[in-house]
Amino acid sequence: MQGPIESLIAQCRPGWSLERDFYSDVEVYRREMDGIWRPGWLFAGHGCEIPRAGDYFTLEIDTDSILVIRGENQAIHALHNVCRHRGSLICDHPSGHANRLVCPYHQWTYGLDGSLLACRGMQDNLDKSKFGLHRVQAQEVEGLIFISLAAQSVAFDTARQSLAPLLRPQGFARAKVASTMDYLVRANWKLVWENNRECYHCNLNHPQYIKANFDHYNADDTTPRIQQEIAAVVAQSETKWADAVLAPAHRQTGMTVFPDAEHHIWFSANRTPLAEGYASESMDGKRVAPFMGDYRDASVGTLRVRTLPNFWNHASCDHGVSTRLLPAGPQLTAVRVWWLVDQNAVEGRDYDLAKLTPFWQLTSEQDWRICERQQRGVNSSAYRPGPYSTYKEYNVESWARWYLNVMREGVGGNCQ
Amino acid sequence: MQGPIESLIAQCRPGWSLERDFYSDVEVYRREMDGIWRPGWLFAGHGCEIPRAGDYFTLEIDTDSILVIRGENQAIHALHNVCRHRGSLICDHPSGHANRLVCPYHQWTYGLDGSLLACRGMQDNLDKSKFGLHRVQAQEVEGLIFISLAAQSVAFDTARQSLAPLLRPQGFARAKVASTMDYLVRANWKLVWENNRECYHCNLNHPQYIKANFDHYNADDTTPRIQQEIAAVVAQSETKWADAVLAPAHRQTGMTVFPDAEHHIWFSANRTPLAEGYASESMDGKRVAPFMGDYRDASVGTLRVRTLPNFWNHASCDHGVSTRLLPAGPQLTAVRVWWLVDQNAVEGRDYDLAKLTPFWQLTSEQDWRICERQQRGVNSSAYRPGPYSTYKEYNVESWARWYLNVMREGVGGNCQ
Amino acid sequence: MQGPIESLIAQCRPGWSLERDFYSDVEVYRREMDGIWRPGWLFAGHGCEIPRAGDYFTLEIDTDSILVIRGENQAIHALHNVCRHRGSLICDHPSGHANRLVCPYHQWTYGLDGSLLACRGMQDNLDKSKFGLHRVQAQEVEGLIFISLAAQSVAFDTARQSLAPLLRPQGFARAKVASTMDYLVRANWKLVWENNRECYHCNLNHPQYIKANFDHYNADDTTPRIQQEIAAVVAQSETKWADAVLAPAHRQTGMTVFPDAEHHIWFSANRTPLAEGYASESMDGKRVAPFMGDYRDASVGTLRVRTLPNFWNHASCDHGVSTRLLPAGPQLTAVRVWWLVDQNAVEGRDYDLAKLTPFWQLTSEQDWRICERQQRGVNSSAYRPGPYSTYKEYNVESWARWYLNVMREGVGGNCQ
């Protein structure tokens, strides 16, 4: 890398893509881990994956294995999955159920909240209260679990207050996971986000997605016919739903503006209408599962949630799709995609995976291919930052500003 | 690495092999990329691979993907394969045909010469003339394409004037590719060259090659019988060919002296007789394809061309074999070998791959194994530079001097 | 790594496990290579693998390939497997037989002791006496071969005097290799040793091992019944064997104390009784091969040998099992396990691999899984050194002290 990170940040021009080193340099990556990924609130998984006390899943953040486990009274505990005796991993399954957390090496035994209960074979004067598993901050909001590796307590209230009302009718807390797919995308995590923050690429790359949505129309190409169409769809919903939470919040073509770089707003949710004839983000627009949550009608468009640095979700009346990013190196991102349906839906009877998953599987994989091609290009010595479209890439520009602000300040990207 | 590159260079003794770090150190490799591979003229491929306007192939040099494309009026364009918008790779196929170069991400569209033709969705005031693809220097000489990533214009005239007359009768511009083979050789690129620059290793390693050639006889072991044999073969050719271009230029046993380290001569070509009974470098010495180029007779021996840092070719009356090196790391070299025949030759009727390819496939693969074994050995802490044979390794010595001169001066190895 | 190695060493608290960087940092690894692995005496293999002059095997230590070959008069030569001409590896097979060592590149030819015999093609004034293969120190003691890459001569006499009498009756010099298994364990070599130095983990991890042995009982859990049992077994042996070498030297439960960190004692051997009913470390305790060496009776318990930094062996009356570690990176260890039986034993008639190998194959693989899980845990930013059990991990504590002493002094770990 040419010079320190500060001078690299200073080189970036507003309205232009980032400098090359941001996508490959190992020092930049370390700074991101320490300044964004460790302090920030990260989406970990869904509460419905661990409904009973003792249910757990694990995830890897940078060098760390984190255990997310349901405790007594529905509490969520996030713990470093590392024995306090000699450092062995405690659970090496990606998910499971345990009444006690027993280290497989020497059977040190912890409670679901990480407290050390037993360590047979150790000297009697060992003070067990000092050897509980190191704790990680955790929050559950309407069925979504977020964690933070920050040493200091990090506020979550504003995010909760903003997200909860919009999330509630979707019923993720009463959902079940119908399918998951895991990807190792050979691209820097920021390329994945930049791709997510614009629909300029949608027309030719996402033939399925653009049939269902209005995002790819922008100030330069929204025709009167399209304006009429979206107005009609919006009106239809608003008539039906007096409730502000169910009525569309995003009434134009193009994408919702996010993030808000200047105010460090790292979360947002909104409801967006689907195209005429689309009850769900599915291949033919028809419902692919029973209604979720409070919905009794398909006219709710899509609920869209996104939280920086690692989560987005598109949810229709019948199913929701979550995407979680976890960097695995400067040029590698581990991505998991979940399909969620109502907890009472039965596969084969109420839904069919062959109809549920293709819309977002195709759209996701189309994007991973784009990101990998871009990574190979930005690695070139000939790569130079290029100009963003003011019509179509306003969110990429906001995203880059958010990122540069956080990197400049050297503190957590989503501390409120 | 012990100390900076300069002191490493200073440690090298004339007549002895290079110090260990030259074969594995990452700083040495970076210096080579910047001082030899980027500024130098690199063999890219054959003009006959891209005969029509819009035909292209790509290759990887260091971190860069380069697109070599035939333009209008037979022009050759070499372009950085990186979109000026957000840096995506434009062509991710190794070869193909395109009327326009359209970036798959947002459809920015370029002409065959790299000029930006369209970027729908961008603001109107964008000056398209400033966003053409970054150009790479390219030259075609008698069907061989060379490129240079140098920022400054690099002279090619002397090379062209020297090589063209010798290349012309071979007719590579009127050839076709009959076969290619790709290798990832786990050895530093210099080990591959050092192996190429001597035939001391031929006797036991290349049983096929030594039957056809005189290279492996040297001052210490050329017997009167061998001298008579080569004199007879030379005389036969000279009688037939008054034309200096077709008559053998190299009339002794042993290898042509190359490179000329003191004058920075990075290219050479010469004609060398084959052993009695050999019409072609084939397993049994018989022709394996129709005559190429201007040849109407097998008595033309072999035309041999080599250019530093990455190309050599052995061509008989009926076929030519090109070898291209591209470093892929301090201990990894990507090698492509091409077999070329006359453009009108038809597989199955005029030539048979099972007869065409074995001679050089075997000889090449024998060498790759040698190089990989040597890499493992020079990695040892016990490796110390050893003495070159003055009889048999004079060219390795020249090669090492050429290399050290270029590294010392820190500029392009083959700038005339 | 936080600061230099010295400050890292200074951070370590007696009685607690090592700091995180010791298990992953590349600078620590380099220091270990230079301070422990290169100067130290390393177990290389068994003399019975290379019985005749010209028999050889190779092994990789750090970047170096070492050739261990039987010379004339039963001498053992250890040589750098690197030609003095241009550095090629000479033998690239893991084992074989050669009357002369001929480099495959240019046929430089060496004797079994590494002296250069011929280099045809070189100038006449080359002084062959200066181009013998670089030698490595080698010692054979009762069929076990040790080597040292130290530049200076390293004493071996004390080790030989201590080990030889105990090794002799086992007859490794008159043995044969019945089977070998190779593993690449994804863990730092020290985790493998720390695992080896305690049996606190045995109860649940080694169901086979604990049936045969008393190691897993310690001061905190040895009941009178167990004390009686071991006393009975010991008494039985002592009655039979007046000879101190055959009688058990370790008469308690728990593991022999090793290493002796303060006196740099890097080797030890002792005889330990097996549980009642166990004639051999086999699945059912029955013999699985004919008696080895001088044994005529099963009441010899197990002979146990260990040498730092890379060897241990458990030998019963009928077979011995050797384990050799070779680091292949900060988080990777190459392990080979050998099963040895009497040289006259015939597979199928005298022994059956399906009965011979499972006991130690299972026990070994159980340990590799433990070590790999621990490596993943100690990589976590949440890992902190934990307390050792004074009852059960006294040897791990000694081991850590030995290691830190050697690292602090920056010299060979096992120079007497």
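Throughout, read-outs are computed from the coordinates displayed, never taken from laboratory work. As the structure is a computational prediction, the values presented were derived from the model and not from experiment. So basically every Cβ, Gly included, is an ideal-geometry build from the backbone, and we count neighbours across all protein chains shown.
Summary table
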item	result
P(r) weight above 25 Å for the range C:23-152, C-alpha pairs, percent	28
In degrees, nearest ten, helix C:157-167 long axis to first principal axis of chain C (Cα)	60
Convex hull of Cα atoms in the range C:205-295, direction-averaged projection (nm²)	7.7
Inter-probe distance in nm under a simple model that places probes 7 Å from Cα toward Cβ, at B:Val346 and C:Gln343	7.1
Cα centroid separation, the range A:126-154 to the range B:308-335 (Å)	58
Residue pairs, from the table C:Lys240/C:Lys286; B:Lys240/B:Lys355; C:Lys211/C:Lys392, whose Cα atoms sit over 22 Å apart	B:Lys240/B:Lys355
For the range C:165-236, radius of gyration divided by Kirkwood radius, i.e. Rg to Rh on alpha-carbons	1.06
FRET efficiency, C:Leu353 to B:Lys128 (Cβ-Cβ, R0 60 Å, nearest 0.05)	0.20
Rounded if a/c under 1.5, otherwise prolate or oblate - the range B:1-49, Cα gyration tensor axes	prolate
Using a 7 Å Cα-to-Cβ projection, B:Glu409 label spacings across copies, nm, ascending	5.4, 5.4
The range B:93-197 - percent relative contact order, Cα under 8 Å, separation 6 or more	14
Pair-distance profile P(r), taking every C-alpha pair of the range A:253-321, with 10 angstrom steps and integer %	20, 46, 26, 8, 0
For the range C:243-401: relative contact order, % (alpha-carbon pairs under 8 angstrom, 6 or more apart)	20
Nearest-0.05 FRET efficiency for B:Asp92 and A:Glu409, computed from C-beta distance (R0 22 Å)	0.05
Kirkwood Rh, angstrom, the range B:269-370 [1 / mean 1/r, Cα pairs]	14.4
Cα-only Debye scattering, chain A: base-10 log of I(q)/I(0) at q = 0.13 Å⁻¹	-1.17
Inter-site label distance for A:Ile226 and C:Gln74 at 7 Å from Cα along Cβ, in nm	9.0
Dipole magnitude of chain B about its Cα centre (Cβ charges: Lys, Arg +1; Asp, Glu -1), debye to nearest 20	460
Spin-label pair C:Lys211/C:Asp34, simplified geometry with 7 Å Cα→Cβ offset, distance in nm	5.0
For the range B:197-247 and the range A:232-292, distance of Cα centres in Å	80
FRET efficiency, 1/(1 + (r/R0)^6) with R0 45 Å, evaluated for A:Lys240 and C:Val26 via beta carbons	0.10
Helix-only CD estimate at 222 nm, as mean residue ellipticity for chain A, using -39500 (n - 2.57) per DSSP H run (n ≥ 4)	-7000 deg cm²/dmol
Using alpha carbons only: equivalent-ellipsoid semi-axes of the range C:85-241, gyration tensor based, whole Å	49, 20, 15
Angle between chain C longest axis and helix C:224-240 axis [Cα atoms, degrees, rounded to 10]	60
Where the Cα pairs of the protein assembly as shown fall when distances are cut into 10 Å bins, in %	2, 8, 14, 16, 16, 17, 15, 9, 4, 1, 0
Estimated D of the range C:305-416 in µm² per second, where Rh is the Kirkwood radius over Cα pairs and Stokes-Einstein applies at 4 °C, 1.567 mPa s	76
Over the range B:145-294, relative contact order from alpha-carbon pairs under 8 Å, at least 6 apart, %	30
